[in-house]
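Novice: Pasting a structure below so you can have a look.
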Amino acid sequence: MCGIAGYIGDRNAPEILFDMLKRLEYRGYDSAGIACISDQGVTVFKDKGKVDEVRGKVDCEKILSKTGIAHTRWATHGEPSEYNAHPHSDCTGRFIVAHNGIIENYKDLRAGLTGRGHKFESETDTEVIPHLIEELYTESFEAAFREALKKLRGSFAIVAISTLEPDKILIARKDSPLIVGLGNGENFIASDTPAILPNTKKILILDDFDYGVVTKNSVAIKDIQTGDELKKKVQTIQWNIKQAEKEGYPHFMLKEIFEEPEAVKNAIKALKGVEDIAKKLTRYKRIYFVACGTASYAGLMGKYLLERFSIPSDAVSASEFRYSTINTIDSDCAIIAVSQSGETADTIASVKKAKDKGAYILSIVNVLGSTLTRISDDNIYTYSGPEIAVASTKAYLGQMTSITVLGLYLAREFGKIDGDYVNEIIDDISNLPGKIQQILSNEDEIKELARKLSDKDIFFYIGRRLNYPTALEGALKIKEISYVHAEAYPAGELKHGPLALLEKGVPVVAINPNDDLLEKMDSNIQEARARNAIILVVGENGDLKTPMIDPLLSPILYVVPLHLFAYYISVFKGLDPDKPRNLAKSVTVE
Ligand code: G6P
């Protein structure tokens with residue numbers, strides 16, 4: 001949700017900043033901009049459009065600057081346009097700011113500043129920041145910046161420069177991620193690690209209420225309230241640059257689908273501590289899975305898995321949990337937060353509130369060092385590697401693998417499942433990557449099916465129990481990247497409404513594992529077939545064929561053809577599956 005970047009060093013700042021923005025584009029791509037300081041003063045260039053479109057209008061080499069800030073936007077306040085694009089300046093053009101987050105009290109601040117003669121050029125909440133700095137400036141950029149920060153309510157990651165002190169970039173964070181990449185004689189600032197990977201793996205992570213002063217040779221992180229300098233541990237990013245490149249694939253999404261076998265392998269490798277965590281979880285009366293988007297379906301699968309072993313649990317969307325379910329949370333509850341990025345605003349807010357009420361917090365997360373990992377009691381990392389496409393795929397498989405193993409250990413701790421059976425299934429999990437590979441080698445068949453159905457304007461997905469979340473995930477993927485209406489229903493619900501919409505030629509995707517409900521699913525499929533719907537069965541003998549698998553593991557396997565299918569529907573529609581309209585990968589606002 002908006003990506004911000006900063007560079008200070010000896011190289012051409014505009015080039016580096018646009019490169020960094022390109023790697024942050026998954027966070028938003030409706031407009032982009034840079035502001036660089038040079039001998040000629042400050043050059044601000046911004047416009048509507050994706051990073052490459054905006055970059056194409058700038059002659060970077062002509063801007064002889066070694067210090068600058070940049071922004072790629074996902075609009076919250078004000079439509080995507082040149083004037084709403086960041087960076088934003090004060091009235092005098094001396095203070096320039098790029099921001100990710102939402103300044104909740106911007107209306108009051110703006111009214112006050114307007115009353116004092118400030119002129120605003122955009123509809124954004126962000127623009128109050130440079131004007132506040134202007135208003136509070138006496139003789140120190142840093143002092144004015146810090147005083148301005150104290151007046152802001154809401155969430156922010158900020159980079160700011162000033163023509164008055166061109167040798168530094170000021171930065172700050174509250175509830176929106178921000179890191180500093182440490183180079184030799186140069187430093188980088190970014191919302192997320194992929195942006196700095198080509199240049200350094202050494203990073204400092206800012207915490208909420210931190211601000212910082214970054215020069216080419218130094219980084220000082222300080223406390224907004226006291227101004228005292230804070231000691232921060234230098235961390236090393238584990239990812240490599242190749243992992244964040246397309247490596248010959250036409251889209252990140254396809255590359256990431258083809259990394260699904262690896263995602264399962266990595267999740268298993270990292271599961272050493274899970275037995276201890278499962279023991280801890282037995283102390284709690286109720287377990288809640290809390291997450292957003294695709295991660296919430298992994299959580300829902302977890303709920304069905306635990307219920308399979310009579311362990312009370314629930315799965316709630318974080319945006320609902322934080323305002324409703326939270327009223328029922330106490331120290332007898334355990335929260336399992338699931339998130340690829342570890343930065344999703346609603347998930348983080350839910351966890352913070354639950355923690356305040358004494359709940360135990362376990363997070364299942366991909367990104368090391370992310371906010372969620374730092375506020376949880378325990379973390380299980382999925383180690384899926386960087387996921388760049390906006391629509392989550394491989395991270396989902398990592399999450400489901402971790403949740404499945406955790407669920408099985410928990411069931412064993414509660415004495416609900418035989419230990420040998422658990423070992424057998426864990427063995428089966430290690431065969432999953434090979435089985436996923438088998439599905440991926442049928443890419444051409446799945447592609448052909450997608451080609452045939454790419455002109456459909458509605459899809460239904462049905463499943464039961466553990467695979468109801470698979471149906472939800474299949475439908476979400478179609479919606480997200482193809483802009484086609486897709487509905488997922490528990491198969492038994494079909495006759496309570498959606499059946500009325502079924503007519504000749506409407507595709508119904510039925511997730512049909514070989515389990516004790518196979519016949520029930522078959523009946524539901526017949527009900528749809530009788531209305532002349534096009535039926536696509538996912539299963540051992542299905543149209544989207546899957547290898548034999550223990551039904552408990554079927555959600556991890558059965559989603560793979562659905563990911564590929566959705567990808568190709570989007571491609572056949574001529575869309576960009578990596579960058580769906582109106583969406584962003586890391587949703588750091590409410
Ligand atoms: C956005 C993304 C989804 C993702 C969801 C949750 O909506 O587009 O792909 O599943 O956020 O993100 P998280 O990082 O918390 O898993």
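The values are calculated or read from the model by the stated rules, or taken from the named source; none is laboratory data. This is a predicted model, so every value here is computed, not measured. Glycine also receives a Cβ, built like all others from the backbone with ideal geometry; neighbour counts cover every protein chain displayed. Accessible surface is based on the protein model in full, side chains and every heavy atom, while ligands, DNA and RNA are left aside. Shrake-Rupley method; radii C 1.70, N 1.55, O 1.52, S 1.80 Å.
Novice: In a shell of Cβ-Cβ distance under 15 Å around residue 545, excluding residue 545 itself, what net charge do Lys and Arg (+1) and Asp and Glu (-1) give? Mind showing how you got there, number by number?
Specialist: Working: positive: 435, 447; negative: 443, 444, 445, 448, 540, 543.
Taking every other residue near residue 545 into account, the sum is -4.
Novice: Quick one: if you stick a label point 7 Å off each Cα along the C-beta vector at residue 82 and residue 223, how many nm between them?
Specialist: Roughly 4.6 nm, to one decimal.
Novice: Among the DSSP beta bridges whose two residues both lie in the chain, what percent are antiparallel, rounded to the nearest 5?
Specialist: Details: 61 of 98 bridges.
Close to 60 percent.
Novice: What does the chain give for Rg and for Dmax, in Å, if only its C-alpha atoms count?
Specialist: Radius of gyration, then largest Cα-Cα span, for the chain: 24.9, 78 Å.
Novice: Excluding residues fewer than 8 places away in the same chain, name every one of the aspartates and glutamates whose C-alpha is closer than 16 Å to that of residue 107.
Specialist: Cα-Cα hits under 16 Å: 121, 123, 125, 127.
Novice: Averaged over all directions, how much area does the convex hull of the C-alpha atoms of segment 246-430 cover when projected, in nm²?
Specialist: Numbers: hull surface 38.8 nm².
Mean projected area of the Cα convex hull: 9.7 nm².
Novice: Would you mind telling me the share, in percent, of accessible area of segment 246-430 contributed by carbon and sulfur at probe 1.4 angstrom? Intermediate values should be presented prior to the final figure.
Specialist: Working: 2880 of 6360 Å².
Accessible surface attributable to carbon and sulfur in segment 246-430 totals 45 percent.
Novice: Just from its helices, what would the mean residue ellipticity at 222 nm be for the chain, if runs of 4 or more DSSP H residues each count -39500 (n - 2.57) and the sum is divided by every residue, rounded to the nearest 500 deg cm²/dmol? Working shown, then result.
Specialist: Details: 18 runs with 207 residues, N = 590.
After summing the helix terms and dividing by residue count, I get -11000 deg cm²/dmol.
Novice: Compute the angle between helix 443-453 and the longest alpha-carbon principal axis of the chain, please, reported from 0 to 90 degrees and rounded to the nearest 10.
Specialist: 90
Novice: Shifting gears a bit: For segment 221-308, rounded, prolate or oblate, judged on the Cα gyration tensor with a ≥ b ≥ c (square roots of eigenvalues), a/c < 1.5 rounded, else prolate if a/b > b/c?
Specialist: Values: a/c = 1.97, a/b = 1.07, b/c = 1.85.
Oblate, because a/c is 1.5 or more while a/b does not exceed b/c.
Novice: Sticking with this one: By accessible area of protein heavy atoms, probe 1.4 Å, what ranking do 219, 97 get, highest first? All intermediate terms of the calculation are to be shown ahead of the outcome.
Specialist: Details: 219 40, 97 0 Å².
Ranking 219, 97 by accessible area, largest first, yields 219, 97.
Novice: How far, in degrees from 0 to 90, does helix 394-413 lean away from the longest principal axis of the Cα atoms of the chain, to the nearest 10?
Specialist: So the helix axis and the longest Cα principal axis differ by about 60 degrees.
Novice: Quote the FRET efficiency, to the nearest 0.05, computed for residue 92 versus residue 215 with a Förster distance R0 of 30 Å and r equal to the Cβ-Cβ distance. It would help to have the intermediate numbers written out before the result.
Specialist: Values: r = 23 Å, r/R0 = 0.77.
Here the calculated transfer efficiency is 0.85.
Novice: Find the centroid of the Cα atoms in segment 260-290 and in segment 97-129, then give the distance between the two in whole Å.
Specialist: After rounding, the separation between the Cα centres reads 44 Å.
Novice: Can you tell me the FRET efficiency between residue 514 and residue 355 if r is taken as the Cβ-Cβ distance and R0 is 35 Å, rounded to the nearest 0.05?
Specialist: On the way: r = 41 Å, r/R0 = 1.18.
With a Förster radius of 35 Å, E is 0.25.
Novice: Just how large is the dipole of segment 3-237 about the Cα centre, in debye to the nearest 20, putting +1 at every Lys and Arg Cβ and -1 at every Asp and Glu Cβ? Could the numbers behind the result be given before it?
Specialist: Numbers: 31 positive and 36 negative charges, 92 e Å.
Result for segment 3-237 is approximately 440 debye, rounded to the nearest 20.
Novice: Going through the cross-link list 202/222; 174/216; 452/573; 174/231; 447/477; 265/477, which pairs have a Cα-Cα distance over 21 Å in this structure?
Specialist: Working: 202/222 19 Å; 174/216 24 Å; 452/573 11 Å; 174/231 18 Å; 447/477 15 Å; 265/477 23 Å.
Distance filter (> 21 Å) returns 174/216; 265/477.
Novice: Would you work out which of 437, 288, 551 lies farthest towards the positive end of the dipole of the chain, given +1 charges on the beta-carbon of Lys and Arg and -1 on that of Asp and Glu, about the Cα centre?
Specialist: 288
Novice: Does segment 336-419 come out rounded, prolate or oblate by the C-alpha gyration tensor, with a ≥ b ≥ c the root eigenvalues, rounded set by a/c under 1.5 and, if not, prolate when a/b is larger than b/c and oblate if not? Please list the in-between numbers first.
Specialist: Details: a/c = 2.47, a/b = 1.19, b/c = 2.07.
Judged from the Cα gyration tensor, segment 336-419 comes out oblate (a/c at least 1.5, b/c at or above a/b).
Novice: How many Å² of accessible area per residue for the chain, probe 1.4 Å? Could you put the intermediate results ahead of the total?
Specialist: Values: 22290 Å² over 590 residues.
Heavy-atom SASA per residue in the chain reads 38 Å².
Novice: Here is a further query. If N is the number of residues in segment 439-590, what value comes out of its Cα radius of gyration divided by 2.2 N^0.38 Å?
Specialist: On the way: Rg = 14.9 Å, N = 152, 2.2 N^0.38 = 14.8 Å.
Relative to the 2.2 N^0.38 Å estimate, segment 439-590 comes out at 1.01.
Novice: If you don't mind, another one. Kirkwood Rh and Cα-based Rg: tell me the resulting Rg over Rh for segment 1-72, rounded to two decimals.
Specialist: On the way: Rg = 10.9 Å, Rh = 11.7 Å.
Result: Rg/Rh = 0.94.
Novice: I've got another one for you. At a threshold of 8 angstrom on Cα-Cα distance, excluding pairs fewer than six apart, so keeping six or more, what relative contact order does the chain reach in percent? Before the final figure, lay out the partial values.
Specialist: Numbers: 1355 pairs, mean separation 70.7, N = 590.
Over the chain, the number comes to 12 percent.
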